[in-house]
1. Put a dot 7 Å past each Cα toward the Cβ at Ala9 and Glu123; how far apart are the dots in nm?
2. Roughly how many debye, to the nearest 20, is the charge dipole of the chain about its Cα centre, given +1 on each Lys and Arg Cβ, -1 on each Asp and Glu Cβ, and no other charges?
3. Within 10 Å of each residue's Cβ, count the other Cβ atoms and sort Cys28, Cys183 from fewest upward.
4. When all C-alpha to C-alpha distances in the chain are sorted into bins of 5 Å, what percent of pairs does each bin hold, rounded to whole numbers?
5. Under a 5 Å amide H to amide H cut-off, with H placed in plane at 1.01 Å, what residues pair with Thr30 once short-range neighbours are removed?
6. Please name whichever of Phe244, Ala179, Ala96 sits farthest to the positive end of the charge dipole of the chain, dipole taken about the Cα centre and charges placed at Cβ: Lys and Arg +1, Asp and Glu -1.
7. What FRET efficiency comes out for the pair Lys141/Arg176, r = Cβ-Cβ distance, R0 = 22 Å, nearest 0.05?
8. Along the charge dipole of the chain, Cβ charges K/R +1 and D/E -1, which of Pro111, Leu192, Gly205 sits furthest on the positive end?
Amino acid sequence: MRIPDDVRAFAETPDRYTRLTPGFLERCDTGRYVVLRGPHWASVSGVRVGAGDVEATVTEVRGLGGGRTMTWWLGPSTQPPDLYERLRTLGFGDPADRATELITMATVEAPVAPVGVDARRVETWDDFLAAAELRWEAFGKSPERRGRERASLGDSFRTAREADAVTTFLVCLDGRPAATGSCVVSPHGLLLFGGATAPWARGRGLYRALVRARWDEAVRRGTPALVVQADPSTSWPILDGLGFVEVCRQRRLEDSA
């Protein structure tokens, strides 16, 4: 499968292209780097600076973080090529989620859908809350983190619908919320994130159903492409089996300064 150049660029640096939810996300794209800020986090990607400008860039980026812990994403187009090692010497460490490297994957062909599993688009508050609780449980969010997110969940639900930037899907089995997955809109396709399946529902094709539902959403929007940053030990094998191809690998470092 040939992945078009615009989809490859989107896959490596999605923060540059995704639609934002006003009041929730802010973006600063200088051309030398992209900083995306959320309520409690910030990410840095698309870094292309001179070898002599690294320390000044770090200082500049920290000023944009507003005190947030910042995760730097370093892909094959990162400049200088040894930026990872340079950041290590400046005190950067492994990210708290321990995902030190992710595989960026993409597809421009329809993934096969499992038989008998339906993923519905989240349209109601009850479904939105159920999807959030599935993610919190799957990703082991602390009670404190859950409390912070729950406090702003109503605003997130309202603004997400108004901005039409993020679409979430939910799968129920026997009337129980069982799995969820979301995607962010861009002109080049959809970025998949937030895939979570309840332990009791695993091994029944729910993840594959959610991937296909998001493909159908991409087709509906006229942007038939999906990109995802996959964990090598969990989602990568499933996505590989669904026909996704590797675009690049991203190393991640965290700056808690």
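1. My value for the distance between the label points is 3.6 nm.
2. Charge dipole, the chain, about its Cα centre: 280 debye, nearest 20.
3. So the residues, fewest neighbours to most, are Cys28, Cys183.
4. The distribution over the chain is 1, 6, 12, 17, 19, 18, 14, 8, 4, 1, 0, 0, given as percents.
5. Counting only residues 5 or more places away or on other chains, the set is Val35.
6. Ala179
7. 0.65
8. Gly205
Coordinate-derived values only; no laboratory data. Keep in mind it's a predicted model, so treat the numbers as computed, not measured. With ideal geometry, Cβ positions are generated from the backbone for all residues, glycine too; neighbour counts draw on all protein chains shown.
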